[in-house]
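The structure under discussion appears below in the form of C-alpha cells.
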Amino acid sequence: MKPALTYLDVVSRVKRQFNQPTAAYFVSGEYAMVKAAAANGWIDEHRAMMEALGSIRRAGADIIITYYARDAARALRTGRS
C-alpha cells in the first residue's frame, strides 16, 4: 500500500482480514518530508525515520519499501533504534 503513513489504518485492516504478508511503501514524498524537516533543524532525522518505519510495522506491514532501507538496516544492526 502507498503512501504508507497516511494509510496505516488500511495496512492494519488488510493484515487482519487477509492474514498474508503485507507490504507498504514509504513513498518519496514522505521521505522528502522527513529530509526537509531535518535539514531545517525541526526534527531529528534518525528518530523521525525510526518512528515512521516503526509505525508502519506496528500497523502490520511485514515488508516496508523505503529510500531509508540502508539507514534503517544499519541502525537496527548496530542497535541504534
Item to check | Label-point separation, Lys35 to Thr6 (7 Å along Cα→Cβ), nm | outcome: 1.9
Checklist entry - What shape does the range 1-66 take by its C-alpha gyration tensor, where a ≥ b ≥ c are the square roots of the eigenvalues and a/c under 1.5 counts as rounded, a/b above b/c as prolate, and the rest as oblate? => result prolate
Checklist outcome for this item: Whole-Hz Karplus couplings 3J(HN,Hα) for the range 62-72, θ = phi - 60° and coefficients 6.51, -1.76, 1.60, Gly and Pro as x, run 8, 10, 10, 9, 7, 5, 8, 3, 5, 4, 5
Checklist outcome for this item: Residue by residue through the range 35-48, the couplings from Karplus 6.51 cos²θ - 1.76 cosθ + 1.60 with θ = phi - 60°, in Hz, x for Gly and Pro, are 4, 5, 5, 5, 4, 8, x, 7, 9, 8, 4, 4, 5, 5
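What number comes out for the charge environment of Gly29, summing +1 per Lys or Arg and -1 per Asp or Glu over other residues with Cβ under 13 Å away?
Details: positive: Lys2, Lys35; negative: Glu30.
Residues close to Gly29 contribute a combined charge of +1.
Which order do peptides 50-60, 8-18, 36-46 fall in by mean Cβ count within 10 Å, highest first? Please report the intermediate quantities before stating the final value.
Working: 50-60: 17.5, 8-18: 14.1, 36-46: 12.3.
Top to bottom by mean Cβ count within 10 Å: 50-60, 8-18, 36-46.
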Checklist outcome for this item: Expressed per residue, the solvent accessible area of the chain in Å² (1.4 Å probe) is about 67
Item to check | In sequence order, calculated HN-Hα J values of the range 6-12 (Karplus, 6.51, -1.76, 1.60; Hz; x Gly/Pro) | outcome: 7, 10, 4, 5, 6, 4, 4
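The values are calculated or read from the model by the stated rules, or taken from the named source; none is laboratory data. Note that the structure is predicted; figures quoted are calculated from it, not measured. In this analysis, Cβ positions are derived from the backbone assuming ideal geometry, glycine residues included, and neighbour counts consider all displayed protein chains. Heavy atoms of the whole protein, side chains included, go into the accessibility calculation; ligands, DNA and RNA do not. Shrake-Rupley method; radii C 1.70, N 1.55, O 1.52, S 1.80 Å.
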